[in-house]
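Enquirer: Here it is: the structure, laid out below.
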Number of protein chains: 2
Amino acid sequence: MYVANRSNTRFSAVKITDVAAAAGVAPMTVSRVLNTPERVSPDTAARVLEAIETLGYVPNLIAGGLSSRRSRMIAAIVPTIASPMFHEPVQSFTDAMGRAGYHVMLALSGYGEADEATLVRAVLARRPDGLLLTGAHRTPAVQRLLATAHVPVVEMWDTAEHPTDMLVGLDHAEVGAEVAAFFAARGHTRFAFLGASDIRATARRRGFEQGVAAHGGTLVAAKTVNAPGTILDSREALRAIAPELTGRRTALFASSDLVAFGAITEARLLGIEVPTQLAICGFGDFELSRGASPAATTVHVDGTAMGLLAAKHLLARLAGHATAGVHRSLVPFHIIERETS
Amino acid sequence: MYVANRSNTRFSAVKITDVAAAAGVAPMTVSRVLNTPERVSPDTAARVLEAIETLGYVPNLIAGGLSSRRSRMIAAIVPTIASPMFHEPVQSFTDAMGRAGYHVMLALSGYGEADEATLVRAVLARRPDGLLLTGAHRTPAVQRLLATAHVPVVEMWDTAEHPTDMLVGLDHAEVGAEVAAFFAARGHTRFAFLGASDIRATARRRGFEQGVAAHGGTLVAAKTVNAPGTILDSREALRAIAPELTGRRTALFASSDLVAFGAITEARLLGIEVPTQLAICGFGDFELSRGASPAATTVHVDGTAMGLLAAKHLLARLAGHATAGVHRSLVPFHIIERETS
DNA sequence: ACGTGGAATGGTAGCGATAACAGATGGACT
DNA sequence: AGTCCATCTGTTATCGCTACCATTCCACGT
């Protein structure tokens, strides 16, 4: 009879049975020392730990994951990490989950058409214990995948009536409306928008437009650039709408601080005075807006808090507080008035 | 006798045996359809694929990984993703590895003392098929871990005589020397350095200082800020060295474009004319340096190429071209002359 | 003395996939 | 017709851990 022999083993990796043998205990006890040390007597634990040290044992989480049906891993999907908008929440989320013993696997979806379903599928193949997604609007295909996977999901950076599961969001329309109100309160009547065409920037734009209308103002220009919106694109866009900006005082809402910076830069070159002739408000409160001169007025959203909150919700769910009500929170925002308004 | 029964199963996840049963084949055939489709007859494959589709089967890579001893996962460790210096290579590396069927798991080490060994250990527990590390200098503890793990390693962004394994590096000292030469060729004799205190920025600084000395110049000021170096820190640092900068023409090398931007901004506020009185060269060629006005002279390093090259080396090794010579390449760099020099 | 219960540890059987073979089948060629 | 080989599919035995229950031991109360 045939006997399988996987002797292709490239080298002899130390495994839990080796440690157990060296410490004179059962493998199960080694496992307990690593996972539930409080259930092992202190001196056995010490002996096991010593064996682990001398053998240089590194537990195999793949095997452990298969057996326990828990990967201790969370997958996070964001469009890009190039923007502080995403790397701040991701970083704080990663830190917080790390403290709780979870690794975060990051996946980049890009802004393009790239099929989110394919990405989610690939990610689910690793059986993450939880998911952090960007935005709150999923295609039916993705919804189906998530539903059958039975994985806790946190969505961030957007809001929706019925999120997939948990949500730590931001009401972009409200942001736009608030910025319009902010400008209106300072006597502005002519408004303009400059920004990226992604879903959330578009929501801010719509909120802004409605706010402008509500305050009886007029939108004299609105120009979109490709997401995520670069400085150079923004400068070009500002040049394009410059004719609308000369002569009369205008208030511009930029979809991100990068776009705002481009607008400020180009305005200076065109001789449009900021903020007297052109007032500008950005979004994101990037380091750049604080560091540049003039420092940019912008909308501050606490990305770090968002990541932390997402982690908190997810950890609560993972700890089994499954039915502890709906987890849906909106992150507050506020306008930081600096030198460009 | 006791019979184990893990009926804690929260729900019935579809597994390979379900698909096999539905398609009327053996599980092994399903596995082959997914991994080596060329070894399965077209109509069997079609039947299996259909079963996969109707059942909504998502393969379990944890189980597959345990069995095949290949996780199809690469771990990447970088200090931060907040800087283009790291997110560019990481992004291109991730893309390239993704095209080859590997997922990249990102881990952030920070710039602090945080024990790299602990992080590497945690990462190795997931049995990655390869590792991408930042820098070329490992502590003995990490070296031991990597050696016993028998995992291909690529180190990037630095250079060393004897890298751990493969290397896609940059000679920072040479960068510093080149910048000194660049300034010297334009008649500068007074030089200054402003930058972060991390290992690679320090290497650039030393190369710059040696270059300055070689050209008979004098270093009139050198100030370091905490890594990674923010705009505001840089502005403050420039104020501190401003007395050395007034009156006589000076050439400043900044350890990153962010630092350079801070210097440019503060110089303008102090009435120090750029570039006539103070010439500035940054490092990294960030979007900011292209987009700002004046556009900053800087050292361009192709981060995307670096990530791609790292992926290429790693994939070659993973494909079994194990002994195909030393994989150690230096990424070229060049100075982009713009408006601040 | 004896039952009771808690703490510590061990034995066994999977978790869900794949490596390594072993058939089965059929066509090409002698 | 018989041999050989290539192609396809199936069977078996792991991969290295952990859940589940069993067992042992000892302190304690009655």
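Enquirer: Could you please tell me which pairs satisfy a Cβ distance under 7 Å, a separation of 6+ or placement on different chains, a first residue in region B:306-329 that is at pLDDT 80 or above, and a second residue that is aromatic (F, W, Y)?
Expert: B:G307/B:F93; B:A310/B:F93; B:A311/B:F93
Enquirer: Being touching a residue at least 12 places away in the same chain (Cβ under 8 Å), crowded, with 24+ Cβ neighbours inside 10 Å and in a helix (DSSP H, G or I) is true for just one of B:L258, B:L252. Which residue is that?
Expert: Among B:L258, B:L252, only B:L258 is touching a residue at least 12 places away in the same chain (Cβ under 8 Å), crowded, with 24+ Cβ neighbours inside 10 Å and in a helix (DSSP H, G or I).
Enquirer: Please go through region A:132-163 and give me each residue that is of a type in the set (V, I, T) and open to solvent by less than 60 Å² (accessible area, probe 1.4 Å), ordered by number.
Expert: Selection gives A:T134, A:V142, A:V151, A:V153, A:V154, A:T159.
Enquirer: Kindly indicate which of B:I62, B:I74 is modelled with pLDDT of 95 or more, open to solvent by less than 70 Å² (accessible area, probe 1.4 Å) and within 15 Å of DNA strand D (Cβ to nearest atom).
Expert: B:I62
Enquirer: I need the full set of residues from region B:1-41 which are among the hydroxyl-bearing types (S, T, Y), more than 8 Å from DNA strand C (Cβ to nearest atom) and either modelled with pLDDT under 95 or outside any helix (DSSP H, G or I) (or both), in order please.
Expert: Result: B:S7, B:S12, B:S41.
Enquirer: Of all residues being within 26 Å of A:R70 (Cα to Cα) and in contact (Cβ under 8 Å) with a residue 12 or more places away in the chain in region A:21-34, which is farthest from DNA strand D (Cβ to nearest atom)? Just the residue, please.
Expert: Only one residue fits best here, namely A:V25.
Enquirer: Mind checking which pairs have a first residue in region A:62-79 that is facing chain B (nearest Cβ under 9 Å) and farther than 16 Å from A:T36 by Cα and a second that is open to solvent by 30 Å² or more (accessible area, probe 1.4 Å) and within 16 Å of DNA strand C (Cβ to nearest atom), Cβ under 6 Å, 6 or more apart or different chains?
Expert: Every condition considered, the pairs that remain are A:I62/B:L66; A:I62/B:R127; A:A63/B:L66; A:L66/B:A63; A:L66/B:L66; A:S71/A:R127.
Enquirer: Turning to a different aspect of this structure: Out of region A:42-59, which residues are more than 14 Å from DNA strand D (Cβ to nearest atom) and β-branched (V, I, T)?
Expert: Selection gives A:T54 alone.
Enquirer: Also, quick follow-up: Hey, does region A:53-60 have a residue that's over 11 Å from the mean Cα position of the chain (by Cα) and β-branched (V, I, T)?
Expert: Yes, region A:53-60 has at least one match.
Enquirer: Further question on the same structure: Conditions first: (1) in a loop (DSSP other than H, G, I, E, B); (2) in contact with a helix residue (DSSP H, G or I) (Cβ under 7 Å, 6 or more places away or on another chain). B:L238 passes all but one, so which condition is the exception?
Expert: (1)
Enquirer: Can I ask one more? Kindly list the number of the only condition in (1) closer than 25 Å to B:R249 by Cβ; (2) part of a loop (DSSP other than H, G, I, E, B) that fails for B:H334.
Expert: Here B:H334 meets the rest and fails (2).
The values are calculated or read from the model by the stated rules, or taken from the named source; none is laboratory data. All values reported here derive from a predicted model rather than from experimental measurement. Reconstructed Cβ throughout: ideal geometry from the backbone, glycine too, with neighbour counts over all protein chains shown. Each accessible area value is taken on the protein alone, full model and side chains, heavy atoms only, with ligands, DNA and RNA left out. Shrake-Rupley method; radii C 1.70, N 1.55, O 1.52, S 1.80 Å.
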